[in-house]
Amino acid sequence: MEPAAAKAKPQGRLLLSTQLDAKDELEEKLERCVGIVQGLTNGLSEREANDALTANVCKGQQQHEEVCLGLFTLSLTDAAQAQRCYRDLTLLNRDGMNVILVKINQILMEKFLKLHDVPRTQLVWLVRELVKSGVIGADGVVMTLLKQIAGGDISTKNLWLAENVLDILLDQKEWVLKSGMLIAMSVYTYLRLIVDHGTPNLLILRQKEVDYCISMLREKFMDCLIIGRDLVRLLQNVARIPEMDLVWKDLLHNPVALSPQFTGLLQLLTARTSRKFLACRLTPDMETKLLFMTSRVRFGQQKRYQDWFQRQYLSTAESQSLRCDLIRYICGVVHPSNEVLSSDILPRWAIIGWLLTTCTSNVAASNAKLALFYDWLFFNPEKDSIMNIEPAILVMHHSMKPHPAITATLLDFMCRIIPHFFPPLETQVRQGVFNSLTFIMEKRVLAHLAPLFDNPKLDRELRSMLRERFPEFCSSPSPPTEVKMEEASSLEMDNHVLDKEEACYDSTEAAFSDDEEEVNNKGKKREFRFHPIKEAVIEEPADITPWIDQLDDTMKEKVLQLQKSSDTDTQCEVMQEIVDLILEEDFDTEQMSGLASCLSELFKDHFRGDVLPEEITEESLEESVCKPVCLVFRNLVTMQEDNSGFSVLLDMLAELYQKQPKIGYHLLYYLKASKAANGKMMLYESFAQATALGDLHTCLMMDMKACQEDDVRLLCYLTPSIYSEFPDETLRSGELLNMIVAVIDSTQLQELMCHVMMGTLVMFRKDSVLNILIQSLDWETFEQYSTWQLFLAHSIPLETIIPILQHLKYKEHPEALSCLLLQLRREKPSEEMVKMVLSRPCHPEDQFTTSILRHWASKYDDTLSEHIKAQLIKNNNQPRKRQR
């Protein structure tokens, strides 16, 4: 066994981390610099310390950087010393604070979410000090800080950041006015945030934001003008605020009041918004995840990533406003290369379709459609890009067959926006939409528009409106059949080879769900969305040609040897040799992506079919984990976590995970089934941290979801270990429980109940069981009954969950009521139980209260009468003498 001291990893003062996280390189470097500063100054007076640091700084560039970063880190981690450290920094620095500005930008872009509370507060304080000192380049840091303020997020931390950055801008207004780009970026940011801050408790903050924006628009309108047409979109969203209404009216009717050089609304609307403004409304983490989806995720495998993104950023009511930011970013910033466009990577239109169909608010849906078509309205082929208008036409085209309602609502919006956007500019808007459609055909995004505009799946009124608005595009030289993408010319839009995508999208697996009006058996409308595509099992030889040349000669030889081998033992030997090459010190990590692609292709058969043996014995389990891909798992299990090769192998596994998402639950199976991995289940947490997701809960839920979709037996086999090893991730919500009860049958339910009774499985705990049972009220009937059976198998007192009665309605929740009724029948009534039962709303058809009271009256009449009397006395307002 390792000594206890070796297991405990000291928590860094800068970044949050777990025991399994590798030491962050940046934090390690900064702590080393702190050590150097403290080594130079320990035991010295303030003047002597200053002399020692000055002497060290003069030795060279490296010493200068070390001292500056040491003082910088101390100012972040020790608020008491911060002022003195900053003073010393200003005296000792020799490069105009450039080394500090670079490091702040790095932390903001890469580490901000991981900062402890004190360093986060101190970082904003330090930026304020840099601005006060007028440091050249501080405006760039403030713009990076603005990017960290998330839209659609009214959490305490986000509001704190928004207010503190605004205070810097207001306090240092004279400094702000010197930077035109900072003026434009801050106005764009706070105009967008005002929409989120409309609740009564946020009105003071909103007023400060309104005052700031109006001040900048009035005093520096020409600097704000560089934003382009999206400035109009943001102002339109806040125009109902009285002070903003005055600016809005000047913009429409009296432009010279804003600036003598401003000629009017058309000047703004014809200017394309720069990418930097569209990108500034996504946090670095959002941007990374979105770019990952549009460059690495295959079409058909996107659901797990969309579900993660939805949970992380789009799960609250206020987050609806973020959809517009995401759509504008996808249209205006994410412009894939020809290589990506012609591949099976998730296309932009599919993500936008998902964002549109998951809107839960009519206002948000309308704003999202406007965001999608915004570049169409004043499109100029000479200034604007085809990539900005391509997603809208492709969403409509690909939705026509599987879900015509989506296409219809977008076509209807396109027609109606022309006269209604701004009546005085109706002619220009009509021309902009006409230019867009013409350019779409010129660039062969679609071969012809008639199959879209004159499709029999559209209702007669809409088709008539389209013929009236766009007669030029409604006549086809051929019958309206399926439109095929033709090979495009060699500009931004060429190489749209969509045969594979169209075939996928037309199948039931790759489409939106059935008509949105369809109602399921719970009486609730079914959510319509893109569904993942199930792989068709086609036995084809592995083709590693696209990636093999990315490997060096030694690695290429081994991979080709692996490809030629058909015997499992030989493949395992070769795979071990490949692992040994990866662990060598001179291994070039740049070839890791190519190697992962080769291994994913070579091992694709290993990820098909059932993983768990039919008959579960020690021998069959060991045999099932003797596959070449398991060699990576085995090597990880046998290595110490502080071994340098451990992180390299984890990176390799994370790269493989991007190519083959099933690797996640295969690792979980190996850690459970293999004797060699006994007690090493927490290795999965290190793996989760190494993936692009970087989060244990997200990674675990995605892998269990993938397991649920592929192999229910394996899901049930893994369940006890997952719940026992990761209680914080599994017991705090009903997410995993819902996955399980959605697919198990009655036999598997009984097996899980036996595990609970034997103490090998705990699926509920007192502090979260009530919330989980409340969540389950929206699940299907069998799912709810299974949940209650599993709950009753636990020894949790019924009083823990009795408050659920407040949420139960007799017509909507019969499953929960019937289970609760049978359980209450076995219990002796307590005062809390009686109180909850009596508090239920009275309805002539709801027999729950009368039936349980009658049962208790027949068995516990004295106890029941005492509890009822207690309730009557508590709720009686009469004087105490008359209460009897």
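The values are calculated or read from the model by the stated rules, or taken from the named source; none is laboratory data. Quantities reported herein were computed from a predicted structural model and do not represent experimental measurements. Counting neighbours? That spans all protein chains shown, and the Cβs are built from the backbone with ideal geometry, glycine included. Areas reflect the complete protein model, heavy atoms only, side chains present, ligands, DNA and RNA absent. Shrake-Rupley method; radii C 1.70, N 1.55, O 1.52, S 1.80 Å.
Observations
- Of all residues in region 672-696 being touching a residue at least 60 places away in the same chain (Cβ under 8 Å) and not in a helix (DSSP H, G or I), the one that is farthest from the chain's Cα centre (by Cα): 682
- Within region 843-868, the only residue that satisfies the criterion of being modelled with pLDDT of 80 or more and of a type in the set (Lys, Arg) is 854.
- Being in contact (Cβ under 8 Å) with a residue 60 or more places away in the chain and at positive phi holds for only one residue in 228, 264, 300, and it is 300.
- Only listed residue being under 30 Å from residue 315 (Cβ atoms) and surrounded by 20 or more Cβ atoms within 10 Å (Cβ to Cβ), chosen from 176, 141, 165: 165
- In this structure, residue 376 does not satisfy being within 23 Å of residue 453 (Cβ to Cβ), without any contact (Cβ under 8 Å) to a residue 60 or more places away in the chain and aromatic (Phe, Trp, Tyr).
- All positions within region 321-342 that are closer than 25 Å to residue 695 by Cβ and either basic (Lys, Arg) or open to solvent by 20 Å² or more (accessible area, probe 1.4 Å) (or both): 321, 323, 333
- Among the criteria (1) open to solvent by 10 Å² or more (accessible area, probe 1.4 Å); (2) at pLDDT 90 or above, the one residue 375 does not fulfil is (1).
- Sole exception among (1) assigned to a helix (DSSP H, G or I); (2) of a type outside the set (D, E, K, R); (3) open to solvent by less than 10 Å² (accessible area, probe 1.4 Å); (4) in contact with a Ser or Thr (Cβ under 6 Å, 6 or more places away or on another chain) for residue 222, by number: (3)
- Filtered by the rule that a residue be free of Cβ contacts under 8 Å to residues at least 40 places away in the same chain and under 28 Å from the mean Cα position of the chain (by Cα), region 178-199 gives 190, 198.
- Checked against the criterion of being more than 38 Å from the chain's Cα centre (by Cα), part of a helix (DSSP H, G or I), charged (D, E, K, R) and farther than 18 Å from residue 329 by Cα, the candidates 245, 250 yield just one match: 250.
- Selection from region 542-562 of residues that are part of a helix (DSSP H, G or I) and either at pLDDT below 85 or open to solvent by 80 Å² or more (accessible area, probe 1.4 Å) (or both): 545, 546, 547, 548, 553, 557
- When 370, 355, 282, 291 are checked against the criterion of being within 20 Å of residue 113 (Cα to Cα), among the hydrophobic types (A, V, I, L, M, F, W, C) and not in a loop (DSSP other than H, G, I, E, B), a single residue qualifies: 291.
- Every test in (1) in a helix (DSSP H, G or I); (2) open to solvent by 30 Å² or more (accessible area, probe 1.4 Å) is passed by residue 743 save one, and that test is (1).
- Across region 426-446, the number of residues qualifying as open to solvent by 20 Å² or more (accessible area, probe 1.4 Å) and either closer than 24 Å to residue 249 by Cβ or not basic (Lys, Arg) (or both) comes to 10.
- Residue selected from region 706-733 under the condition small (Gly, Ala, Ser) and assigned to a helix (DSSP H, G or I), by the criterion farthest from residue 770 (Cα to Cα): 706
- For region 820-834, the criterion of being among the acidic types (Asp, Glu), modelled with pLDDT under 75 and either out of contact with any helix residue (DSSP H, G or I) (no Cβ under 9 Å at 6 or more places or on another chain) or not in a helix (DSSP H, G or I) (or both) is met by no residue.
- Condition check for residue 192: surrounded by 23 or more Cβ atoms within 10 Å (Cβ to Cβ) and among the charged types (D, E, K, R): yes
- Taking every residue in region 653-671 that is surrounded by fewer than 24 Cβ atoms within 10 Å (Cβ to Cβ) and in a loop (DSSP other than H, G, I, E, B) and pairing it with any residue that is hydroxyl-bearing (Ser, Thr, Tyr) and modelled with pLDDT under 90, at least 6 positions away or on another chain, the pairs with Cβ-Cβ distances below 9 Å are 660/600.
- Taken over region 200-218, the criterion of being open to solvent by 10 Å² or more (accessible area, probe 1.4 Å) and either without any contact (Cβ under 8 Å) to a residue 40 or more places away in the chain or more than 31 Å from the chain's Cα centre (by Cα) (or both) is satisfied by 200, 201, 203, 204, 206, 207, 211, 214, 215, 218.
- Search result, residues across region 260-279 that are part of a helix (DSSP H, G or I) and either open to solvent by less than 10 Å² (accessible area, probe 1.4 Å) or closer than 16 Å to residue 184 by Cα (or both): 268, 269, 275, 276, 277, 278, 279
- Selection status of residue 577, of a type outside the set (A, V, I, L, M), open to solvent by 60 Å² or more (accessible area, probe 1.4 Å) and out of contact with any helix residue (DSSP H, G or I) (no Cβ under 6 Å at 6 or more places or on another chain): no
- Entry remark, region 610-642: residues being assigned to a loop (DSSP other than H, G, I, E, B) and touching a helix residue (DSSP H, G or I) at 6+ places or on another chain (Cβ under 9 Å) number 15 in total.
- Qualifying residue in region 155-171 (condition: in contact with a Cys (Cβ under 6 Å, 6 or more places away or on another chain) and farther than 30 Å from residue 90 by Cβ): no
- Of all residues in region 760-816, those satisfying the criterion of being open to solvent by 70 Å² or more (accessible area, probe 1.4 Å), at pLDDT below 85 and not acidic (Asp, Glu) are 806, 807, 809, 811.
- Total residues in region 285-302, condition of a type outside the set (Val, Ile, Thr) and open to solvent by less than 30 Å² (accessible area, probe 1.4 Å): 7
- Residue match in region 606-615 (condition: modelled with pLDDT of 85 or more, over 36 Å from the mean Cα position of the chain (by Cα), more than 23 Å from residue 684 (Cα to Cα) and open to solvent by 10 Å² or more (accessible area, probe 1.4 Å)): yes
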